Amino acid sequence: MQTASPGNRPYLLLLPAAILLIVFMAIPYLNILVTSFRNPGQGTPYADGYTLMNYARIFSSPLYQGQLFNTLWIGIVTTFATLVIGLPVAFQLGRADLRWRGLAYGIVLSPLLVGIVIRSYGWTILLGNNGVINRTLINLGLTEYPLPLMYNSLGIIIALVHVFLPFMILPIMSAVQSIDPAVVSAARSLGAGRATVIRRILLPLAMPGIQAGCILVFVLSLSAYVTPAMIGGLRVKTMAVTVVDALLDTFQWPLGAALALMLSAIGAVIVMIFARATRMKWKVG
Amino acid sequence: MTKVTIRNLTKIYGQAIKAVDSISLEIPSGEFVSLLGPSGCGKTTTLKMLAGFESVTSGSIAFDGDDVVAVPPEGRDIGMVFQNYALFPHMTVRGNLAFGLEMRKVPKAEMQRRIDATLDLVQLGPYADRYPRQLSGGQQQRVAIGRALVIEPRILLLDEPLANLDAKLREEMRVFIRDLQRRVGITTVYVTHDQAEAMTMSDRVVVMFGGKIAQQAPPSDIYDYPVSREVAGFVGQVNFIDGFVASVDGDLACIETPFGPAEVPAKTRGRGSAVTLALRPEAIDIVPDTAGHGIPATVVSSYFSGAILDYTLAMADGTKVDVKTIARTRFEPGAQVRLSVDAHRFWPIEAA
Ligand SMILES: Nc1ncnc2c1ncn2[C@@H]1O[C@H](COP(=O)(O)OP(=O)(O)O)[C@@H](O)[C@H]1O
Ligand SMILES: [Mg+2]
């Protein structure tokens, strides 16, 4: 459907958004790009002159490569886990005959109402060696020693899944809600049972939401700082944590910029590959 | 082909909403039946119960004598066409047609053959690889019909399938669907609130009001011999004319009316009792005042609508009468004219 164009210069309406985007996105990114090629400084953020050394350091350092790989791994596993947990929830919440829709919305959104620091702190209380989960398991006699749930990737993933679940559920839910119930009726009258309807009709039609949710959670996981910092501690560092260290602690802005760009670039490539693989021909062109 | 038998079918939503109220209907194999009635009279609910999408409160539905009330939709072998088409947006035209055949595990070669034949039938051959959103409304409609027919269902159900099309296309599709149904010979139930649609397409029209069947008959009988004011009014414009029984002679009664005597089938009412007669506007002719015969009347309004002129006239006693005529002489409002009536077109409705 075509919406009426305001006057004969509709692109003028894009101007404010374009200016905002340039000022707050393009310029900072350019700045980071330039910084990543600067010489490291002594006691200053950076020194005069330009170099490829920062990138060379990353490519020759197993530590940084390991962190990069681990960050991507955490992102992928978190995305997959939120999808597995969120999909059935979203399908239930998206049903046309859902009662208490307001309440359901509230429950899904409620984690977002509590600040991310508080939520992450909550997880440290649950996951620690003396935490609620381990105490319970030990008291029940299910384990003798506390399970390693904190200061590792598993703990980070558990907390991230909780934090980002709404970002998976909401887009899928809205995609499911927009499916015409008559389409489901049509499939059933053509001989499809409930399972077939889910597999052949609902899942493909919810794909735009699934795609959006996965990209959202993946990107958020890659750039997450607070949760990995609090739960990973000094033991496990994701790229975002290392970047912040480089910027604030060790005062190596060029290296931090290069690391940040590497992460963004690899993340963008993965998102592009994913979007391409899940492209929906019936939607585009 | 399949015979459908509906007995005392009732649907109550919640505690008290009687959407369908004990309807009984026998649809012979291969017949095209329309459910006609105003919005909210229970047409869609009836269709949904036939398809199995809605549970039955009481009563029975049988296909060829087998009760299907407990059979889920996927087991009923029904072709259904929805008002908004309900095509699968993520499948091409071919994919939409293939779906039902895949559910039936039809072998590949046979599937191709049937899809191609159906694409021909609904004239969509060149569009086989398009997605629904790349098609016009009329084309989407034909995909929906093709998808329902390709599975060679026992019964075809259509719920206001033409409501979303523009007037010209709607008339084309009426003929298209009717021809198709004749060729395939499938038992068809067609839901509509458009009386012209029901009249032109159906073997039989079932008029519904408030969840009940008011009358079921062939289209011309519904039009000429309506059982009630409501039915008469719903299937076209009508004049209600009051008269009284002048004499009864066997099966025929002679009714005295302002238009002169009318002979109609006698009901069990004696001489002198009041009767209301229905008279269609096109059963009345307008002649110039100078003709010297006919009942005097004054033109109140006249509208030109293409094929016909649409008049409202006032009789001497003030009664308003609607007249439709194909004559091209136009009488202006205020003109004195005379009305001549085809006396065979009177039909008794009910006592006044
Ligand atoms: N799911 C439902 N719940 C409650 N009432 C309904 C439902 N569906 C239909 N009705 C009511 O049943 C009556 C018949 O509806 P419907 O069969 O859709 O009418 P039609 O198709 O003739 O317009 C209407 O009064 C409608 O409001
Ligand atoms: Mg309806």
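The values are calculated or read from the model by the stated rules, or taken from the named source; none is laboratory data. None of these values were measured; they are calculated from a predicted model. Methodologically, a virtual Cβ is constructed for each residue, glycine included, from the backbone with ideal geometry; neighbour enumeration extends over all protein chains shown. Accessible surface is based on the protein model in full, side chains and every heavy atom, while ligands, DNA and RNA are left aside. Shrake-Rupley method; radii C 1.70, N 1.55, O 1.52, S 1.80 Å.
Averaging 1/r over each pair of different alpha-carbon atoms in segment A:52-277 and inverting the result gives 19.6 Å, the Kirkwood hydrodynamic radius. Residue separation of A:Ser178 and A:Leu52 scaled by 0.36 nm, minus their Cα-Cα distance, works out to 40.4 nm of gained length. For segment B:260-352, trypsin sites (Lys or Arg not before Pro) meeting the loop criterion (DSSP other than H, G, I, E, B) and having at most 10 other Cβ atoms within 10 Å: B:Arg328. Working from label points 7 Å from Cα in the Cα-to-Cβ sense, the A:Ile22 to A:Phe59 distance is 3.4 nm.
Let me know the longest stretch in chain A that avoids all trypsin sites (Lys or Arg not before Pro) found in a DSSP loop with at most 12 other C-beta atoms within 10 Å.
Between the exposed loop sites, the longest stretch runs A:100-234.
Roughly what angle does helix B:93-103 make with the longest principal axis of chain B, taking Cα atoms, 0 to 90 degrees, to the nearest 10? That helix lies at roughly 70 degrees to the long axis.
The charge dipole of segment A:52-277, taken about its Cα centre with unit charges on the Cβ atoms of Lys, Arg (+1), Asp and Glu (-1) only, comes to about 560 debye.
Relative to the longest principal axis of the Cα atoms of chain B, helix B:108-121 runs at roughly 20 degrees. Taking each DSSP H run with n ≥ 4 as -39500 (n - 2.57) and averaging over every residue of the protein assembly as shown yields -13000 deg cm²/dmol at 222 nm.
Between rounded, prolate and oblate, where does segment B:12-84 land on the alpha carbon gyration tensor, with a ≥ b ≥ c its root eigenvalues, rounded for a/c under 1.5, else prolate if a/b exceeds b/c? In terms of gyration-tensor shape, rounded.
Computed on protein heavy atoms with a 1.4 Å probe, the accessible areas place B:Ser34, B:Ser136, B:Ser273 in the order B:Ser136, B:Ser273, B:Ser34, largest first.
Span-like helices, chain A: DSSP H, alpha-carbon axial extent 20 Å or more, mean Kyte-Doolittle -0.5 or greater, which ones?
What comes out of the filter, once short or polar helices are dropped, is A:62-93, A:153-177, A:203-223, A:253-277.
The calculated pair-distance distribution of the protein assembly as shown uses every alpha carbon pair, bins of 10 angstrom beginning at 0, and gives 3, 11, 16, 16, 14, 13, 10, 7, 5, 4, 2, 0, 0 percent. Taking chain B as a Gaussian network of alpha-carbon nodes connected by springs under 10 Å, the highest mean-square fluctuation of the residues B:Asp166, B:Asp322, B:Asp116 belongs to B:Asp166.
Put a plus charge on the Cβ of each Lys and Arg, a minus charge on the Cβ of each Asp and Glu, and nothing anywhere else: the dipole of the protein assembly as shown about its Cα centre is then about 2420 debye.
The angle between the Cα long axis of helix B:167-184 and the longest principal axis of the Cα atoms of chain B comes to about 60 degrees, rounded to the nearest 10. For B:Asp242, the residues 5 or more places off, or on other chains, whose built amide H falls under 5 Å of its own are B:Leu277.
When the Cα positions of A:Ala90, A:Ile215, A:Asn134 are compared along the charge dipole of segment A:52-277, A:Ala90 comes out farthest toward the positive end, with charges on each C-beta of Lys, Arg, Asp and Glu.
Identify the chymotrypsin sites (Phe, Trp or Tyr not before Pro) of segment A:40-125 meeting these criteria: DSSP loop state and at most 10 other C-beta atoms within 10 Å of the C-beta.
Here the sparse-neighbourhood loop sites are A:Trp100.
Once the dipole of the protein assembly as shown is set up with Lys and Arg at +1 and Asp and Glu at -1 on Cβ about the Cα centre, which of B:Leu169, B:Leu309, B:Leu149 lies farthest towards its positive end? About the Cα centre, the residue reaching furthest to the positive side is B:Leu149. For the residues A:Thr79, B:Thr290, a 1.4 Å probe over the protein chains yields an accessible-area ranking, largest first, of B:Thr290, A:Thr79.
Computed with a 1.4 Å probe over protein heavy atoms only, the accessible surface of segment A:52-277 comes to 50 Å² per residue. Counting only protein heavy atoms and using a 1.4 Å probe, the accessible area of A:Ser178 comes to about 90 Å².
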